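J.: Next up is a structure, given as structure tokens.
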Amino acid sequence: MLDPQSPELKVADYNSTLQLTQALEARGDFQYKGIHKLVLIIGDWTEKYVANKILPNTEQLARELTLDKERVSAYLKEMTARHNPPLVKKICMVDYNPTGDSSDGRITSFLRLITVFARPSQTDAGSSHRYVDGVNLTSFSSIQRWVKEKRQFPGKENFQRWVYDCIDNNKLSETYASSEIGNLFQDTFDVTPVLKQTTINIHLKPVLKKLVDNRTLYFYRNENALSPGNRSVFYYNIHDEIIARLEAYKKYLVEKIIPELQRIGVLGNFSEQDLENTRSIATQVLPFLSPAYGDQKTAVEELLSLIHFEEEEKDKKEKEEKKAKLSELLDYIKSANRLVDLNYLRFRGEAIGEEIRNLIINHDMILHAEFADKKSLYTFVLHKECINGAIETAKRVNIATGNDTEIRVLAKMNIRDFLESREASSQFEKLEYSSLFKYLPFITRFFRSIFGNVMVHRFEAEEIRARLAAEQNKKVLEAKTKAAQEEKVRLAERRIKDKEAAEATAKARAVAAMAASSSENSPSRSAASPEQDAETKQMLTSVLDILDHAWNGGEYPDRNYLVQALGGSQDENTVINFLKKNAKKEIHSFMVRNQEEQYSFPVLVTRRFLKKNGRGLLDKAKKIVDEQKNAGMPEQEKFDFYISLEDFLNRTLPKI
């Protein structure tokens with residue numbers, strides 16, 4: 001909101017203005033003839049503003065004053081620009097023209113700037129706040145109407161080309177909504193930088209704020225932007241356009257920025273899966289973009305600020321897919337009209353995931369129960385509208401096969417609580433009691449069968465239920481424990497396979513690059529071919545990956561470890577020569593004191609590992625050294641290693 005007491009809204013005292021203009025007009029050179037009447041006319045229009053919300057522009061004033069437009073403009077510039085505070089307040093108003101050329105949807109086809117003037121009276125206490133605020137509201141309404149009714153998006157392809165060109169030319173700010181709207185407020189009466197800034201402060205900024213509050217524009221601050229014009233970012237708050245901008249930034253990152261960084265050797269290769277994770281890839285790239293990259297760096301920063309739109313879009317799509325899948329599965333469960341085992345439930349030929357299983361189980365219209373036998377654990381579900389059908393099916397199965405599993409599951413679901421009538425509940429209870437007969441002791445069953453009394457008393461049923469429930473709970477627990485152990489084994493096997501695959505890939509790359517490096521005949525690196533340079537970089541990346549993998553795994557590699565990790569296809573001298581020639585700046589080393597047998601050669605560690613984990617490693621080393629110093633029986637080998645590591649890090653980290 002505008003501050004009514006802002007100096008930029010102040011105007012000269014009304015009586016003083018009249019006296020000054022009267023004196024100017026009284027001069028003998030006739031240079032200011034009519035200027036006093038001009039002030040009176042503007043004052044008359046201003047008094048009527050409260051009723052009609054209209055202020056005069058240059059053409060209207062020229063007609064009333066019966067002077068040519070150029071002279072009136074000169075008078076107005078004299079009164080608005082050469083006096084502080086001004087004698088007359090110049091106000092910028094954006095007017096909407098509904099009959100503009102609708103073929104292109106451009107802002108200038110429907111919106112135009114009209115400069116109007118006000119001469120606040122004595123009741124306004126020397127402030128033009130009332131009139132500026134009212135005109136800003138008109139400008140806001142005009143721009144909002146154009147955005148909603150007439151603005152046309154140029155299309156994704158044209159928009160992306162435009163964004164690309166602006167990034168390449170360091171003119172990214174021209175793609176902002178604030179730039180397009182700001183061009184409307186370029187007023188010919190702003191003849192000095194101070195007047196231009198005043199127009200921005202009292203007109204453009206308040207209008208933009210209203211558009212943001214009204215959600216016509218989307219706004220955020222990018223404090224890290226190099227250029228002030230890129231720090232306040234305004235987009236049209238149209239979801240598809242923001243997604244199109246995000247895709248343009250992402251495409252520019254993948255097609256232009258990443259290849260350039262890979263060419264100079266600061267980035268490795270990325271898989272298709274890596275490139276799908278926009279947040280991760282942009283976070284990795286941003287530290288390598290110096291201020292020299294200009295708007296390329298700004299585009300990546302904005303990409304990270306906008307990435308939540310992509311993530312929300314993905315979440316929304318996933319939720320819609322899950323909702324549709326859940327609805328289809330619920331319809332199937334309902335149509336089954338009986339118990340359904342989730343282990344065998346399929347969605348378009350594929351097993352359902354754990355999340356969908358949980359959604360089905362927790363649905364308001366679903367009853368569920370777990371049941372285990374000697375082989376497996378089953379999760380049965382039943383639609384609440386299918387209880388009667390499930391009872392009939394369970395009864396038929398029990399009569400035909402003697403299998404009472406479905407009756408046990410229905411009882412475990414407490415379906416009697418959902419039966420509509422007492423009679424239906426009683427019928428199910430009789431069915432359950434009859435199925436429990438086989439669980440009676442043999443003698444009891446034998447004599448009752450002889451006398452035709454095939455029934456179970458209530459007290460017997462309660463006892464049998466309790467016994468069966470205890471047995472069932474035990475089986476369920478055993479089945480879950482077994483499943484958890486099998487899953488643990490599967491995960492461990494998968495990790496081992498992934499690790500072996502990664503190591504095999506690294507070895508293959510390293511061996512190939514090592515062979516290429518060792519076969520170079522010329523001692524001068526500058527004479528190497530581009531292919532050899534690429535292979536050398538690939539080899540170096542593989543060596544760095546091996547060392548980092550060792551440190552991440554709690555191992556402390558030396559030259560022997562590296563030779564062994566490379567598969568033994570290269571001898572120690574070849575490896576050492578390669579490191580001396582190509583890895584002086586990328587690999588650091590340190591000796592462990594008093595441990596020549598355990599650590600015969602220097603321990604190797606990469607620069608990038610220290611850059612990422614050095615501070616944490618130093619804190620760990622200091623902690624362990626202090627613990628060993630205070631321990632009653634210190635571990636000498638551990639103490640020697642970590643005090644050597646601490647000394648090395650203290651010397652090395654400040655240089656990185």
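The values are calculated or read from the model by the stated rules, or taken from the named source; none is laboratory data. From a predicted model like this one, the values you see are computed outputs, not experimental measurements. So basically every Cβ, Gly included, is an ideal-geometry build from the backbone, and we count neighbours across all protein chains shown.
J.: Could you tell me which residue of the stretch 248-276 is farthest from the chain's Cα centre (by Cα), considering only residues that are polar (S, T, N, Q) and not in a helix (DSSP H, G or I)?
T.: Out of the qualifying residues, it is Asn269.
J.: From the list Ala369, Ala299, which one is at negative phi, of a type in the set (A, V, I, L, M) and within 19 Å of the chain's Cα centre (by Cα)?
T.: Exactly one residue qualifies, and that residue is Ala299.
J.: Ok, one more. Take the residues of the stretch 342-391 that are farther than 16 Å from Arg408 by Cβ and of a type in the set (Phe, Trp, Tyr): which is surrounded by the most Cβ atoms within 10 Å (Cβ to Cβ)?
T.: Phe347
Condition check ((1) among the basic types (Lys, Arg); (2) outside the structural domain of Val254 (by TED's automatic domain parsing); (3) touching a residue at least 40 places away in the same chain (Cβ under 8 Å)) across all residues:
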{"residue": "Glu272", "(1), (2), (3)": "no, no, no"}
{"residue": "Asn277", "(1), (2), (3)": "no, no, no"}
{"residue": "Ser290", "(1), (2), (3)": "no, no, no"}
{"residue": "Tyr293", "(1), (2), (3)": "no, no, no"}
{"residue": "Glu313", "(1), (2), (3)": "no, no, yes"}
{"residue": "Glu320", "(1), (2), (3)": "no, no, no"}
{"residue": "Arg357", "(1), (2), (3)": "yes, yes, no"}
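J.: For Leu329, indicate whether it is surrounded by 12 or more Cβ atoms within 10 Å (Cβ to Cβ), more than 20 Å from Val409 (Cα to Cα), modelled with pLDDT of 90 or more and not β-branched (Val, Ile, Thr).
T.: yes
Residues are listed down the side, and each one gets a yes or a no for (1) under 50 Å from the mean Cα position of the chain (by Cα); (2) hydrophobic (A, V, I, L, M, F, W, C):
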| position | (1), (2) |
| --- | --- |
| Ser376 | yes, no |
| Phe380 | yes, yes |
| Asn414 | yes, no |
| Arg422 | no, no |
| Glu429 | no, no |
| Lys438 | no, no |
| Thr444 | no, no |
| His457 | no, no |
| Asn473 | yes, no |
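J.: Checking Val135 against (1) within 38 Å of the chain's Cα centre (by Cα); (2) closer than 30 Å to Tyr14 by Cβ; (3) among the aliphatic types (A, V, I, L, M): exactly one of these is not met. Which one?
T.: (1)
J.: Restricting to the stretch 1-45, name every residue that is in contact with a Lys or Arg (Cβ under 7 Å, 6 or more places away or on another chain) and acidic (Asp, Glu).
T.: Answer for the stretch 1-45, where residues must be in contact with a Lys or Arg (Cβ under 7 Å, 6 or more places away or on another chain) and acidic (Asp, Glu): just Glu25.
J.: Arg27 is checked against (1) surrounded by fewer than 17 Cβ atoms within 10 Å (Cβ to Cβ); (2) under 19 Å from Cys92 (Cβ atoms) and fails just one. What number does that condition carry?
T.: For Arg27, the exception is condition (2).
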